[in-house]
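These notes are about the structure you will find just below.
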Amino acid sequence: MTPDELIAIFRASAGEPESGVLDGEAMDVSFGELGYDSIQLLEIAGGIERKLAIALPENIFAETRTLRELLLAIEAAAAAR
Amino acid sequence: MTESVVVTGLGIVAPTGLGVDRYWAATLSGRNGIRRVSRFDPSRYPVRLAGEITDFVPSAHLPSRLLPQTDRMTQLALVATDWAFADSGVEPGSMPSFDMGVVTASTSGGFDFGQHQLENLWSRGPAQVSAYHSFAWFYAVNTGQISIRNGMRGPGGVLVTEQAGGLDVVGQARRLARRGTPLVVTGGVDMPLCPWAWVAQLTSRRMTPCDDPAAAYLPFDVKASGFVPGEGGAILIVERAADARRRAARVYGEIAGYGATFDPAPSASAEPALRRAVEIALADAAVAPADVDAVFADGAGLGELDLIEAQAIASVFGPHRIPVTVPKTMTGRLYSGGAALDLATALLALRHQVVPPTINVTDQQSDCPIDLVIGQPRAAPLRCVVVLARGLGGFNAAVVLRTGRSAGK
């Protein structure tokens, strides 16, 4: 998954963030700082799982704080499939 | 507790107009907002008409992050609340968060959102169900999203009394204000226009099968055959009169009286309880029937129910004694939005000194002895108006609205 694809899933599932803009620089801003709440992140996780037909670990958002970290975790989950 | 509580802001989302100005202009002109359903294909159902809001673009009014998580009814309610706040002159962020409460009415919750999630569940499996469904369908979600968007941490709640809800919440809002919450957002917005909500409504057997928008929903008419449903409603800003005076707010009117009753079981031989609700509201307002200038009727649009209402009005106020109107003939019955919109319309009538018309009714039942304002609006000196509402299942409610010395002016 590319950063742009991940950003597209964020945008489709939860719209633009409350603070900041969903661009390349947002890849290293924490979800909390962007203003995404826990249910929005749940919906985003569902969007990722549906798109890639993978299962993400339940605690994915305890383990990852930014889009870049999430991307790495997605790669790991896809490789482990 | 008899402290005066008033309405200082209105937000209207109606099939006949978005916003107070457009809605009021359409109402005075008698515009018919009822048409064939376009949100889904109604041809397979026995009921095919509705009052639809055709010009609402959610993305034009709300941030993109709210759109995936809200049913259309919530989108309408959030925007109506924004407009109500603007109308009242209150900036939500300027008040302490615990000083603002929200109590809205709901009837069907987020049926449209819920139907899509059921479709996902049945056709694609549980993993396809949106996480937002955890709240987006729920009756209290309008209250919840309004309170979150506007930072309102005061008392919050929802009342579900079908079409009486719009009055019951105003009674509750007044109670909350008197108990110490300076500002309460109230009213109701429903969006019952999707197949799932449609089949649920059909079970009431009170909707009209008529296909002619000009002849379908005819309260108090000999040809009455049921009602037409619609989407939308109104949000009202309610404050204590003393607070409204202190900030020199423009006041629409006072919530002078409120009464609610429940009908006896159909098997019982007791009288329907609508008349009692009116009497309770008048006593609460310390207003005599002779002091009331107009009645906004519930208007079920079915012969027996119309007769009960006409008899209740006539027995309290005298036959043909005061103007009676049903402006919801222009929008359809909006469920939790209906009585809220009636209240807003009545307040606009008080502001502009004109009773809006009842449209499409041409042949009034002779045993409904009421002075129905048919066709044209009627200018009249108005200082006190009664609004009635009845909900399926036996709910009755009445509110007395008043302008003048007690209304903070």
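Which value, in nm² and rounded to one decimal, describes the direction-averaged projected area of the C-alpha convex hull of the stretch B:96-220?
Its Cα hull, projected and averaged over all orientations, spans 10.4 nm².
Translational diffusion coefficient, Stokes-Einstein: compute it for chain A using the Kirkwood radius over C-alpha pairs as Rh, at 37 °C and 0.692 mPa s, and state it as an integer in µm² s⁻¹. Mind showing how you got there, number by number?
Values: Rh = 12.4 Å.
Estimated diffusion coefficient is 264 µm²/s.
In percent, what relative contact order does the stretch B:13-158 have, based on Cα pairs under 8 Å that are 6 or more apart in sequence? Write out the running numbers ahead of the final one.
Details: 176 pairs, mean separation 34.6, N = 146.
Worked out over the stretch B:13-158, it gives 24 percent.
Could you tell me how many degrees, from 0 to 90 and to the nearest 10, lie between the Cα long axis of helix A:38-52 and the main elongation axis, the longest principal axis, of the Cα atoms of chain A?
Between the helix axis and the principal axis of chain A, the angle is about 50 degrees.
Of B:Phe138, B:Phe220, B:Phe85, which is the most mobile in a GNM of chain B whose springs link Cα atoms less than 10 angstrom apart?
Largest GNM mean-square fluctuation: B:Phe138.
Among the DSSP beta bridges whose two residues both lie in the protein assembly as shown, what percent are antiparallel, rounded to the nearest 5?
Working: 43 of 64 bridges.
That works out to approximately 65 percent antiparallel.
For the protein assembly as shown, take the convex hull of the Cα atoms, compute a quarter of its surface area, and give me that in nm², please.
Values: hull surface 95.7 nm².
Averaging across all directions leaves 23.9 nm² for the Cα convex hull.
With the contact rule set at Cα under 8 Å and sequence spacing of 6 or more, what percent relative contact order holds for chain B?
24 percent
Relative contact order for the stretch B:61-141: what is it in percent, counting Cα pairs under 8 Å that are at least 6 residues apart?
On the way: 59 pairs, mean separation 30.2, N = 81.
Over the stretch B:61-141, the number comes to 37 percent.
Any chance you could list P(r) for the stretch B:17-101, counting all Cα-Cα pairs in 5 angstrom bins from zero, rounded to whole %?
Final binned percentages: 3, 11, 16, 17, 19, 16, 9, 5, 3, 1, 0.
Per-residue ellipticity at 222 nm for chain B, helices alone: DSSP H runs ≥ 4 residues times -39500 (n - 2.57), over residue total, nearest 500 deg cm²/dmol?
Dividing the helical sum by the residues of chain B leaves -9500 deg cm²/dmol.
If you average the alpha carbon positions of the stretch B:122-176 and of the stretch A:59-73, how far apart do those two centres end up, in angstrom?
Going from one Cα centre to the other spans 32 Å.
Given the options B:Ser147, B:Ser225, B:Ser97, which has the most mean-square fluctuation in a GNM of chain B, springs set between C-alpha atoms less than 10 angstrom apart?
So, out of B:Ser147, B:Ser225, B:Ser97, the one fluctuating most is B:Ser97.
Mind jotting down a quarter of the surface of the convex hull over the alpha carbons of chain B, in square nanometres, one decimal?
Result: a mean projected hull area of 18.9 nm².
Only Cα pairs within less than 10 Å get springs; with that Gaussian network setup on chain B, which residue of B:Val184, B:Val129, B:Val228 has the largest fluctuation?
B:Val129
Let's test the formula: R0 of 41 Å, r as the Cβ-Cβ distance of B:Ser38 and B:Phe98. What FRET efficiency results, to the nearest 0.05?
Efficiency at R0 = 41 Å is approximately 0.40.
How big is the convex hull of the Cα atoms of the stretch B:211-294, per residue, in Å³?
Hull volume over Cα atoms, normalised by residue count, gives 205 Å³.
Distance in nm between label sites at A:Ile39 and B:Leu392, each 7 Å beyond Cα in the beta-carbon direction?
Result: 2.6 nm between the two label points.
Each reported figure results from applying straightforward, stated rules to the coordinates on display, with no laboratory input. Computed from a prediction, not measured in an experiment: that's the story for all the values here. Because the Cβ atoms are built from the backbone with ideal geometry, glycine has one as well, and the counts that use them run over all protein chains shown.
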